[in-house]
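Please read the structure below before turning to the comments.
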Amino acid sequence: MRILILHPHLNIKGGSERLTKVLLDGLSKIEERLELKLVTGALSDDWFGKYLGITEMLRLGADREEVEERVSNIVRSFEPDITVVMVQEPYYCAIAKSVYAKTKTVVYVHFPIDEEISEDNLRDYETHLRYPTLTPRYVNAPDLTLCNSRRTKLAIEMLWPIKAEVVYPCIDEVFFEEPDLEQRRDNTILYVGRFNSLKRQDILVSMFSLVKEEVRDCRLVLAGFVDPRHREYYEHVRAIVDSLIDKYRDIELVPSPDDKKLLELYREAKVYVHPRIGEHFGMAPVEAMLQGAIVVIRMPTGLAEVARHTLEAYLATSDHEMFRYVIQILRRSNSELVELRRRARALAEGFRDVSFASQVLDKARAVQS
């Protein structure tokens, strides 16, 4: 079976890019003959270097006619049984179908509207081969629409005239390394996320003083990829941190950490806090669970569909509640937190790359029958 996987920009280290790697890793482990082809405009070598031999490159910044011709030629040559587009761009499904009618097209939707797009950065998205203004025209092009949570499924079915099926995101195998869940941790608060305004790193910096008043020895670490489409927001957060550094020396920015550094940060953190409002699912919180950090996540979130409040994570209904939970966890003894860590780790263990790949493949095959 031939499977073509397309993502326009694998040089940005965010959730959709990580999940594309997870899909490739999972499909590579399935014990049957699968011929894989990856199509992208750019990629990061540390995440995708091992797949260079199966990769066909598009050109970032190319006009749409060039991109369509290039994708058409790749599909025509490869003749995939299944074409999977790993970001909400059903336009690519339409291209694949137009040149090879036998391919079954699948689109994985992280949210039906990309909330990060504005008039100011729309051109940057087009440079990265994303065409959100075309989406309404092509929502019916995929044979199968998958999404990351029931929350996203509801949004799709309200905004697009189609049905969607949920396949929860799974986690890169690098984060499954076993930590010492009984080891005492310092009062470190961690957040991992691409730097853009929806991720709300600035609110954590601004409210850190409130936590510091009650837990004097706490520290805050903000780690994440500096997205070239949102560079100004990273500079904004850095300026806030710089303005507070003399007063609070326990704030650290870690821009664009590699996976080894991320693993280290997760293992050091007592609390992982996720302030994004309306998180579609939340892969980083699950990574944190695997490494023993207690997760506090701002509602609404797709993660609430699988994690129980106070049993595997803390689900906060407001910013005030979110910070009260952080303070509560920091004050708890290590022995009180160990059982919560074990439950969270047990939940997160189910989010394996082979599970994700198998679900995507099975659902695509069901469309074929």
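In a reduced charge model with +1 at each Lys and Arg Cβ and -1 at each Asp and Glu Cβ, region 53-137 shows a dipole moment near 500 debye about its Cα centre. Sorting 34-46, 208-220 by their mean Cβ neighbour count within 10 Å, with the most densely packed peptide first, gives 34-46, 208-220. Only the Cβ atoms of Lys and Arg (+1) and of Asp and Glu (-1) were treated as charged; on that basis the dipole of the chain about its Cα centre amounts to roughly 660 debye. Taking amide H positions as modeled 1.01 Å from N, with prolines and chain starts lacking one, the residues under 5 Å from residue 190 and 5 or more places away or on another chain are 221, 271, 272, 273. For the peptides 21-27, 11-17, residues were scored by their other Cβ atoms within 10 Å and the scores averaged per peptide; the highest-first order is 21-27, 11-17. Find how many whole Å separate the alpha carbon centroid of region 27-57 from the alpha carbon centroid of region 168-234. Their Cα centres are 30 Å away from one another. For region 331-369, GluC sites (Glu not before Pro) meeting the loop criterion (DSSP other than H, G, I, E, B) and having at most 14 other Cβ atoms within 10 Å: 349.
Of the listed pairs 21/212; 21/97; 261/363; 153/260, which have alpha-carbon separations greater than 27 Å here? Checking Cα-Cα distances, 21/212; 261/363; 153/260 exceed 27 Å. Charge dipole (Cα centre; +1 on Lys/Arg Cβ, -1 on Asp/Glu Cβ; no other charges) of region 165-276 amounts to roughly 460 debye. Among the listed values (i) 22.8, 89; (ii) 20.8, 64; (iii) 40.2, 111, the one matching Rg and Dmax of the Cα atoms in Å as calculated from this structure is (ii). Entry note, region 1-51: relative contact order of 56 percent, from Cα contacts under 8 Å with a spacing of 6+ residues. Accessible surface for region 202-243, divided over its residues, is 44 Å² per residue with a 1.4 Å probe. When peptides 322-328, 119-125 are ranked by their average number of other Cβ atoms within 10 Å per residue, the highest-first order is 322-328, 119-125.
At 1.4 Å probe size, with the rest of the protein present, what percent of the exposed accessible area of the chain is carbon and sulfur atoms? Result for the chain: 47 percent of the exposed heavy-atom area is carbon or sulfur.
The values are calculated or read from the model by the stated rules, or taken from the named source; none is laboratory data. Since we're looking at a predicted model, the values are computed, not measured. Virtual Cβ from ideal backbone geometry, glycine too; neighbours counted across all protein chains shown. Only protein heavy atoms, including side chains, enter the accessible area calculation; ligands, DNA and RNA are left aside. Shrake-Rupley method; radii C 1.70, N 1.55, O 1.52, S 1.80 Å.
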